[in-house]
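These notes are about the structure you will find just below.
The values are calculated or read from the model by the stated rules, or taken from the named source; none is laboratory data. In this text the structure is predicted, and so the values were computed from the model without any measurement. Don't worry about glycine lacking a Cβ; one is built from the backbone with ideal geometry, like all the others, and counts go over all protein chains shown.
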Amino acid sequence: MLSVVITVKNRNEHFTRTFASVATQEPGVPFEIVYVDFASEEDFGECLTKMIGQYRDLFSDSLAKIKRVVLEGKHPFNSGKAKNLAVPFLDPMSDVISFSDIDVFLGMDYHRHWASLVKKDVFYSSRVQETTSQSSRRLSPKINYGNMVVMRESFVNVGGFDEENPTWGGDDDDIIHRLKLSGLREINPHSFFDARHTSIVHGDDLRLPFLESHVRTSQNTQEKFKRIYEKTDPLNRSFLRFYNDNIERIRCEVSYGA
């Protein structure tokens, strides 16, 4: 089974535009969608219910459930914490996790293609690379840098996403580095069309004000990435720390499916 994990905080406008592309996926296996509502100030639950009603007749036959993991209270956004929050609520039969973003449109064959290539020693990252380049780069602003498909066991074995990165950027690079340290191989798309997804282009004003820290200078960015690539231990020891510390304020609702 496949679990598609998408985090959201105050991005209902983007959600209403991308939802149908996720719910109509045909991955070739049963799948669930898990939205992590990270203390949204907008009413994401009501918006989700409305979109399910609007598109239910178009849902993929493979779609088993849509879940909403809710963090109550006021919390600034932390990407690593939010993505990890989905893990305790994944279906017990789920063996593959796909991470995407609320502003990403998925092509109809996105999961059928990329999830079929993922193995215990292989994971997918959307860091688009030119075939002639040794370093990762983004060929188009319409391609999301942070999409990933990985075996659940591999993800848990390295301790998921780093929960101690308060700023935007770097959480994807960190887990990719640690997955590779643990012996996994990374596969990437090599063109815009190969990526099989596209992103809504928008300004940083929709994300930076809600982060734990929105301070972003060239110096602290360089220092952050230096720390990431100096790591020699693949295990992230902060995995699910936020969940355990806030368990009484976290709940999971099944919005669609039994």
Filter segment 24-38 for residues that are β-branched (Val, Ile, Thr) and not in a loop (DSSP other than H, G, I, E, B); which is nearest to HIS197 (Cα to Cα)? ILE33
I need a count of the residues in segment 10-40 that are of a type in the set (Lys, Arg) and within 13 Å of the chain's Cα centre (by Cα). 0
Could you go through segment 52-60 and let me know if any residue there is buried (at least 18 other Cβ atoms within 10 Å of the Cβ), part of a helix (DSSP H, G or I) and either touching a Phe, Trp or Tyr at 6+ places or on another chain (Cβ under 9 Å) or of a type in the set (A, V, I, L, M, F, W, C) (or both). no
Would a scan of segment 47-64 turn up a residue that is over 30 Å from LEU117 (Cβ atoms), among the small types (Gly, Ala, Ser) and modelled with pLDDT under 95? no
Quick one: which helices (runs of 4 or more DSSP H) sit completely within segment 166-258 and have at least 3 residues that are at pLDDT 90 or above? 171-181, 241-245
Mind listing whichever residues of segment 13-40 are under 23 Å from PRO76 (Cα atoms) and either touching a Phe, Trp or Tyr at 6+ places or on another chain (Cβ under 6 Å) or free of Cβ contacts under 8 Å to residues at least 24 places away in the same chain (or both)? GLU13, ASP37, PHE38
Exclusive hit being in a loop (DSSP other than H, G, I, E, B) and either touching a helix residue (DSSP H, G or I) at 6+ places or on another chain (Cβ under 9 Å) or more than 29 Å from ASP245 (Cβ to Cβ) (or both), set GLU42, GLU13: GLU42
Residue by residue through segment 48-76, note down the ones that are touching an Asp or Glu at 6+ places or on another chain (Cβ under 6 Å) and not charged (D, E, K, R). SER60, ALA64, VAL70, PRO76
